[in-house]
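The values are calculated or read from the model by the stated rules, or taken from the named source; none is laboratory data. Remember, predicted model here, so these are calculated numbers, not experimental data. Counting neighbours? That spans all protein chains shown, and the Cβs are built from the backbone with ideal geometry, glycine included.
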Amino acid sequence: MICSGEALSYELQERFFSRFGAVELHNLYGPTEASVDVSAWRCAPGSGERRVPIGRPIANTQLYVVDAAGQPAPPGVAGELHIAGVGLARGYLQRADLTAERFVPNPFDTEPGSRMYRTGDLARYRPDGVIDYLGRIDQQLKLRGVRIEPGEIEAVLAEHPSIRGVLVVAREDRAGQRRLVAYLLPVNADAIPGSNAIRDFAAERLPDVMVPSAFTWLDAFPLTASGKLDRRAFPEPDWGRLESAQAFVPPRTPVEEVLAGIWGEVLSLDRVGVHDHFFRQGGHSLSAVALITRIRGIFRIDLPVRAVFESPTIAQLATVLAAREARPGQHEKIALLIQQIQARQ
């Protein structure tokens, strides 16, 4: 059996082998501009691969993964996939502009006039020379001024042993802020890990801006009648309080109560515990600035933004504020402000 034209998911591969275990399954990749197929991979059941690769280039074909500077990306680093070789088309009929845009000079070949085709696909080489397809470059997101490739995040999350399928998108939360959401399919529906465990797994391998704010487990991805992902049918994630490593503890002091109110406004949460981690509840560098700005305005204390990173829970930050209260006259000022705030509630 040959699969081509659409990305082959790990879930579909396993479904195939569960029904047709004795039949070979080959995953092929390639665009029309390069004689349809340019790489091949023989799938294996129970291989442990959470992402089905597109394999290695076929004979007389060269595949390059190129970074934004036009240089070969190292193994494990994502870049745009370029195709060269005898199977390359001459260009687009009567579309010289588009031909010049997509069929570019090949700097990796010494033959005069050699060209390669820019696929617009995101890919990466594995250390063993096998290629992973990560999605389309035009599906990249821009979040807080940073361009993000969802395929890179999906590739990392797919390595978790409890995840058999993943899709990462950007959605607006209740406050209208765009956040990353990861929709996950479990390997075992009876042993689904908590969001914090998945978040920690991602945070160890991705920069902060690429770690999703919400994780939603599904039994299956919604599909259209033609069998493609129906992105509009994915459910709204739960933007409420994520589970903490400790049980929920409500504010115990007036200072913690005020901080919890600020926390909830900044993160669009109805309930915040004093041990909840600011960044695990969806916070990021820009929201940390907003948090500190509000704290400065209420407590009249010049607290640096790094305080949120060093003391990311309400309990910890309240301790920092208490230390600042030791200054002459500061304690009375804060107590008066808290009374005024409580009187308005």
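For the stretch 133-147, does any single residue satisfy the condition of being over 19 Å from the mean Cα position of the chain (by Cα) and not β-branched (V, I, T)?
Here is the first cut: in the stretch 133-147, the ones over 19 Å from the mean Cα position of the chain (by Cα) are none.
The answer is no, given that none of the residues of the stretch 133-147 is over 19 Å from the mean Cα position of the chain (by Cα) and not β-branched (V, I, T).
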Among the numbered conditions (1) surrounded by 20 or more Cβ atoms within 10 Å (Cβ to Cβ); (2) among the aliphatic types (A, V, I, L, M); (3) under 30 Å from L185 (Cβ atoms); (4) in contact with a Ser or Thr (Cβ under 7 Å, 6 or more places away or on another chain), tell me where L8 comes up short. (4)
Determine the pairs where a residue that is on the phi > 0 side of the Ramachandran plot, located within the stretch 148-171, has a partner that is surrounded by fewer than 23 Cβ atoms within 10 Å (Cβ to Cβ) and among the small types (G, A, S) with Cβ atoms under 6 Å apart, the partner being 6 or more residues away or on another chain. none
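Show me the strands (runs of 3 or more DSSP E) found entirely inside the stretch 144-236 where at least 3 residues are surrounded by fewer than 17 Cβ atoms within 10 Å (Cβ to Cβ). Don't jump to the end; show me each part of the working.
Numbers: elements: 146-148, 163-172, 178-186, 214-217.
Correct list: 163-172.
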Going through the stretch 1-18 one residue at a time, which ones are touching a Lys or Arg at 6+ places or on another chain (Cβ under 9 Å) and part of a helix (DSSP H, G or I)? Y10, E11, E14
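Only one residue in G70, G79, G21 is touching a Pro at 6+ places or on another chain (Cβ under 9 Å), in the same structural domain as A123 (by TED's automatic domain parsing), farther than 29 Å from V156 by Cβ and not basic (K, R), so which one is that?
On the way: G70 fails: farther than 29 Å from V156 by Cβ; G79 fails: farther than 29 Å from V156 by Cβ.
Within the list G70, G79, G21, the selection yields G21.
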